[in-house]
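**Q** Structure below; questions to follow.
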Amino acid sequence: MVNINSTTRLFSISHQVLLIQTDTTVGFLSQNERKLSEIKSRDSSKPFIKVYKSFQALKEHHIRVPKRYKSILRRAKKTTFIVKNSAFRVAYDTLSSSFLRESSWNYSTSANASGKNFDFAFCEQKADIIVLDNQGLVEGDASSLYKINNRERKRLR
């Protein structure tokens, strides 16, 4: 475990796996999709959710949201959207987005073995960097999940 008071010492954070309290639950964040697949022991063809730190970052990655859902997306809290088989969420005002100022996005997954509940011992063993705040790590509810296209919005979770 690494205790860090300043983010300036993290020179290559994009390839590290972070254990962090996200806006919804405890999660692993990384820009390395392969490492996350290995930790979770899940099929590499199953995609991860991309968490963007702002709507500007989402726009820069050319995610085109149907016009009729743009206002819903802007107002959504703790909600993941799937557009054209790309799952994403905008999570600003969270520890993860303020801590990771240099990266505009990260892959995100819940911090547990596939199909199991949160276990700190498992997570401590798998994460490269653990970020704790005053509240610690709390397993909360997963984000709502909607699949949207030009015609409909379908709730999946």
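**Q** Among 30-40, 15-25, 70-80, how do they line up from the highest to the lowest mean number of other beta-carbon atoms within 10 Å?
**A** Numbers: 30-40: 17.0, 15-25: 20.2, 70-80: 14.2.
Most protected by this proxy first, the peptides run 15-25, 30-40, 70-80.
**Q** Hey, another quick one. Between residue 49 and residues 5 or more places away or on another chain, which pairs have amide H atoms under 5 Å apart, with H built 1.01 Å from N, and which residues are they?
**A** 108
**Q** If the limit is 26 Å between Cα atoms, which of 50/70; 70/116; 70/154; 35/70 go over it?
**A** Where the Cα-Cα span goes over 26 Å, the pairs concerned are 70/116; 35/70.
**Q** Give the aspartates and glutamates reachable from residue 67 as a straight Cα distance under 14 Å; neighbours fewer than 8 places away on the same chain don't count.
**A** Within the straight-line limit of under 14 Å, residue 67 reaches these aspartates and glutamates: 152.
**Q** Normalise the Cα radius of gyration of region 108-157 by 2.2 N^0.38 Å (N = residues in it) and let me know the number.
**A** 1.57
**Q** Name the aspartates and glutamates eligible as straight-distance cross-link partners of residue 126: C-alpha to C-alpha under 13 Å, and not fewer than 8 places from it in the same chain.
**A** Filter leaves 38.
Where a number appears in this text, it was derived from the coordinates with a stated rule and is not lab data. Because the structure is predicted, anything quoted here is derived from the model rather than measured. Heads up, the Cβs are rebuilt from the backbone with ideal geometry, glycines too, and the neighbour counts pull from every protein chain shown.
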